[in-house]
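So the structure is just underneath, and the comments pick up after that.
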Amino acid sequence: MRRREWLERLKIPLMLAPAFLVLIVLFSGGLVVGLGQSLGYMPVIGLNEFTLHHYADVLTNSNFLQSLWVTFYIAFTSTLLSTVIAIPCALVLRQAFKGSRFATFIFQVPIPIPHLVVAFGIVALVTQSGVMARVLASIGLLSEPGQFPVMVFDRAGVAIQMVYLWKEAPFIGLVVLAVLRSVGTEYEELAQTLGANRWQRFRYVLLPMIAPAILSTSIIVFAFVFASYEIPLLLGVRFPTTLPVWAFQLYQDPDLSLRPPAMAISVILTIISIMFLITYRRVARYAIK
């Protein structure tokens, strides 16, 4: 009897073990190799001794702080604006109105579309030779398409922000919408009978209930954008670039001696990202109390 109970307890862990084993081996293997290369251990090119020299070179590089600022700026603004857009959209979509199901469907359309596809669409839309520039020129608002504001390959990263907003706002919004629909309207109605206005009902009733969803999704968005290189590489300026793009460029270089600094940047990026996320989590929890 005890043996059967013991086997029943181990049933689920044993079923999940193959998948977890593959994930752990692949993740741990890549982590160990990357960490070793960042410390200068790369026998294939004759580097057999561990050193912190590559970390020192990266941290003392004149481009490091600029790249860090650009990376943080893009990740923070994308997360903040996505959250600001997502919450009102979720509040609207929770209401029952004619066409609400269709509106919800349209709101979640961006989620399965790859970021690269969105990037190419943004390029076709907002470049100085794109659709918007030509339309504005054709109706006389611009004398020529070249007068359209520069939004691609600009230092402000407008096109980059547009891609992330279009993708991440629905992600946050749908999670918040699911929470709102699960809690119903009873608490708001009770607060309204006690004299709470619309803002008070949101601030003291709804916000505490949706805060965990906002916090968790915004952390995911920040971490993703902070470590993403594809969109800044395609739509950003060549200098100063983000830390992930800098690491990717070094990693892709045919000169294998640049591989250790690329890995060092990746490790530094991971550490900084974890520090930002811990800080953000504490500040956000304090702010919503």
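Observations on the model:
- Average projection, convex hull of the Cα set of the range 67-112: 3.8 square nanometres.
- For the chain, the membrane-span-like helices by this rule, meaning whole DSSP H stretches whose C-alpha atoms cover at least 30 Å of axis and whose Kyte-Doolittle mean is 0.0 or above, are 2-38, 64-93, 158-183, 259-287; this says nothing about an actual membrane.
- Candidates ILE160, ILE172, ILE45: whichever shows maximal mean-square fluctuation once the chain is modelled as a Gaussian network with Cα springs under 10 Å: ILE45
- Equivalent ellipsoid semi-axes, the range 183-289, via Cα gyration tensor eigenvalues times 5, rooted, Å: 44, 14, 9
- For the chain, the Kirkwood radius over C-alpha pairs fed into Stokes-Einstein at 4 °C and 1.567 mPa s yields D = 57 µm² per second.
- About its Cα centre, the dipole of the chain is roughly 1200 debye, where the only charges are +1 on Lys and Arg Cβ and -1 on Asp and Glu Cβ.
- Computed over the chain with a Gaussian network model linking Cα atoms closer than 10 Å, the most mobile of ILE231, ILE219, ILE113 is ILE113.
- Taking SER273, SER129, SER138 in turn, the Gaussian network model of the chain (Cα-Cα springs below 10 Å) assigns the largest fluctuation to SER138.
- Long-range HN-HN contacts of MET42 with modeled amide H, under 5 Å: LEU47, ASN48, GLU49
- Using alpha carbons only: equivalent-ellipsoid semi-axes of the range 6-129, gyration tensor based, whole Å: 41, 31, 15
- Furthest towards positive pole of dipole, SER28, PHE97, GLY130, structure part the range 1-144, Cβ charges: PHE97
No value in this document is a laboratory result; all are computed from the given coordinates. These numbers were taken from a predicted model, which means no experiment stands behind them. Cβ coordinates were reconstructed from backbone atoms using ideal geometry, including for glycine residues, and neighbour counts include every protein chain displayed.
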